[in-house]
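Single-structure report; data block below.
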Amino acid sequence: MPSVISTDVLIVGAGVAGLWLNARLRRQGFSTVVVENATLGGGQSVKSQGIIHGGAKYALHGALTGASEAIADMPRRWREALAGHGELDLTGVRLLSEAHYLWSPGTLAGNLTSFFASKAVRGRVDQVKGDALPPALQDRRFKGKVYRLSELVVDVPSLIGRLAQLAGDGLLAGQHIEPLRENDALVGLKVDGREIRAQRIVLSAGGGTADLLAALGLSEPAMQKRALHMIIAKGPGLKPLYAHCLGGGTKPRLTVTTHPAADGNWVWYMGGDIAEADGVARTPQEQIATAQHELALLLPWIDMSHTEWATLRVERAEPLQSGLTRPDNAFLAEQGRLLVGWPTKLALAPDFADRVLHALERDGIQPGPATPLPELPKPAIGQPAWEQLLP
């Protein structure tokens, strides 16, 4: 006979969104199990740049968009959690930078006029100079302008590690997932032979959600994937930089975050417009050459002679949008006992959890009697791409 587990909420997908939701639920007294078929955060989460956006990059030309409004409160909520007095206790998570920066090459500084007029960013942006500049921009040859955004950058592996601690005994490494039905109604899932019954089942598996839905005999909600071709550079000449470089369009020309590598060097992880449509079409060699050219133009004083390079293809999984546009908010759809969603970006994990908790409250779902879980096989924590791709 297969083992049977009863829990209040069964979550499939242990990225930051699933783990954040799990911690929120446990804090409110719900019993939970989180199933992961690979590594914790090893899908989209550990491939993110760790930026907790506050909407600034969505208002570069002064337009107050749905995205800038939806995400505006996220930095405050994350800061409170990191300080230990928010909706979660994330003390111990490594904060890579207290701020993210907007960096304008000299000739483009005038493009920022409408950006600063936008109420999406008013009062949350300050120009910095001299010793207050990011270390990589502290050079007499730098002629641009730099503005400090009230955003932050977290070390995603340490975040995943802390959220795994908050999951306690509820993490389960599981490969084969099948529906568990009674009278044609979904009452749980079979995971590697274990029957897990739950009041609600949440699919938060990112790119794996479409396959999970198919296994349950469902085709909705539909999913889209937006491809990125990120660039990774590691070397002794790199200095910390957390910034969007302003381009001529509505997207940052280049977004750079800096991460500690296990060998003591800094890693620059680069996205932005360079990683999108044209970047996706390039070969890895072409993408690296494009990044090298950009950095030589923008930061000629940085010694990259001993730098190692790699690229990483990422597919951002999201609910299907008209024209494959980027969703503004976290997304949640409901089908009876099943809740299916995507946070759409790392910073919106709290918003995703809000939506699930609201659905539970609306439906009168309360924590059931506490039932000890058996000892379960645990998934490992995902590792950053640079530890796998670079020597």
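Strictly over 19 Å apart at the Cα level, which of K129/K345; K47/K234; K47/K225; K129/K239; K190/K378; K129/K251 would you flag in this model? Flagged as over cut-off: K129/K345; K129/K251.
Of interest is the spacing of the C-alpha centroids, which for the stretch 160-218 and the stretch 304-369 amounts to 16 Å.
Placing a pseudo-label 7 Å from each Cα along the Cα-to-Cβ vector at A227 and R337 gives an inter-label distance of 3.9 nm.
With the simple model of a label 7 Å out from the Cα in the direction of the Cβ, T371 to D303 spans 6.3 nm.
Since only P179, L212, A164 are under comparison, the one whose Cα sits farthest along the positive direction of the charge dipole of the stretch 144-262, derived from C-beta charges on Lys, Arg, Asp and Glu, is A164. Fully extending the segment from S3 to R197, taken as 0.36 nm per residue of separation minus the present Cα-Cα distance, adds 68.7 nm.
Which angle from 0 to 90°, rounded to the nearest 10, does the C-alpha axis of helix 156-166 make with the longest principal axis of the chain? Taking the Cα atoms of the chain, the angle to 156-166 is about 30 degrees. Taking Cα centre as origin and charging only the Cβ of basic (Lys, Arg, +1) and acidic (Asp, Glu, -1) residues, the dipole magnitude of the chain rounds to 1000 debye.
In the elastic network of the chain, a GNM with C-alpha springs shorter than 10 Å, the most mobile of P252, P369, P319 is P369. Label zone of D211 (point 7 Å out along Cα→Cβ, amide N under 16 Å): in the stretch 316-360 this covers 316-318. Once the Cα-Cα distance is subtracted from the 0.36 nm per residue extended length, the Q285 to Q388 segment shows a gain of 35.3 nm. Under 5 Å between amide hydrogens, built in the peptide plane, is the criterion, and for L96 it picks out V153, V154, D155 among residues at least 5 positions away or on other chains. Once each of the GluC sites (Glu not before Pro) sitting in a DSSP loop with at most 12 other beta-carbon atoms within 10 Å is removed, the chain keeps 99-374 as its longest stretch.
The orientation-averaged projection of the convex hull spanning the C-alpha atoms of the stretch 300-368 amounts to 9.1 square nanometres.
By other beta-carbon atoms within 10 Å, ranking V314, V267 with the fewest at the front produces V314, V267.
Summary value for the chain: 25 percent relative contact order, contacts being C-alpha pairs under 8 angstrom separated by 6+ residues.
In terms of other Cβ atoms within 10 Å, S150, S31 run from fewest to most in the order S150, S31.
Angle of helix 349-362 to the longest C-alpha principal axis of the chain, folded into 0 to 90 degrees and rounded to 10: 30°. As a proxy for reagent exposure, W103, W266, W301 were ordered by neighbouring Cβ count within 10 angstrom, fewest first; the result is W301, W266, W103.
Quick note: the coordinates plus some simple rules give every number you see, no bench work behind them. Quick caveat: nothing in here was measured; it's all calculated off a predicted structure. Here Cβ is always computed from backbone atoms with ideal geometry, including for glycine, and neighbour counts include all displayed protein chains.
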